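The values are calculated or read from the model by the stated rules, or taken from the named source; none is laboratory data. All values reported here derive from a predicted model rather than from experimental measurement. Ideal geometry is used to build each Cβ from the backbone, glycine not excepted, and the neighbour counts take in all protein chains shown.
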Amino acid sequence: MSLAVLQTPSIDVFLLIDILGTIAFAVSGALTAMKKKLDVFGIFIIAFVTSVGGGTLRDVLIGANVVWMRHLTFVYVIIIATILAVIFRKKLSYVRRSLFLFDTIGIALYTVVGVEKGIAADFPAIICIALGTMSACFGGVIRDILCNEIPVIFRKNIYATACIMGGLVYFLLLKIPLSENWVVIISFSVVITIRLLAVTFNWSLPSIYKAEEEAT
């Protein structure tokens, strides 16, 4: 019997997680666009691609229906979240901190959704983790490229690594008799915790360029 049958939470739970991730990424994209002083249309486009970019790639790769094209709820959620981000932009005075917060919440939520969708499609664990990481990171990659920034995932920051660790924890928790809701909550928390610790203590992946500079 597959893990999906034994452990997958109800569709409603993951629909809620997907919507929350969409909101988080929409705000993240809107904040980035406003930081770059784009117009209203530009703000919406950046918010939109940040929200659905990773999920769209994931769904195309697994041969599933692209969620936001079938369920317009996601489009409405993005529009509302973007409008609210614009209206309350002055309340979000610490834009960099707010951007980091919403981006971190977004990658944690989308990691869980991506892994679950891979399990539901009966893919091996490593592919499910890759799908979770892709779901979490690809929207941010598009956002940063369109805003003329080097994508966070390509810098030495701990970013995709946090998603991979969250995916690994998800599968490890499936091996023990634990409530499906706790599997989601703990995996989500692992991604956020690693990301927060990485930023707080300035953790980063090894850089080959630094080693080369020291050698010369």
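Details
- Summed over the range 139-172, residues that are touching a Phe, Trp or Tyr at 6+ places or on another chain (Cβ under 6 Å) and part of a helix (DSSP H, G or I) total 3.
- Members of the range 173-216 found to be at pLDDT 90 or above, assigned to a helix (DSSP H, G or I) and of a type outside the set (Val, Ile, Thr), listed by number: Leu173, Trp182, Ser187, Phe188, Ser189, Arg195, Leu196, Leu197, Ala198
- Residues of the range 82-121 that are touching an Asp or Glu at 6+ places or on another chain (Cβ under 6 Å) and either modelled with pLDDT of 95 or more or among the hydroxyl-bearing types (Ser, Thr, Tyr) (or both): none at all.
- For the condition of a type outside the set (A, V, I, L, M, F, W, C), touching a Leu at 6+ places or on another chain (Cβ under 7 Å) and over 17 Å from Gly140 (Cα atoms), Lys90 does not qualify.
- Unmet requirement for Lys37, which otherwise passes all of (1) in contact with a Lys or Arg (Cβ under 8 Å, 6 or more places away or on another chain); (2) charged (D, E, K, R); (3) within 18 Å of Asn148 (Cβ to Cβ): (1)
- Against the criterion of being modelled with pLDDT under 90, β-branched (Val, Ile, Thr) and touching a helix residue (DSSP H, G or I) at 6+ places or on another chain (Cβ under 9 Å), Val13 qualifies.
- Inside the range 153-172, residues that are without any contact (Cβ under 8 Å) to a residue 24 or more places away in the chain and under 24 Å from Ile19 (Cα atoms) make up a count of 2.
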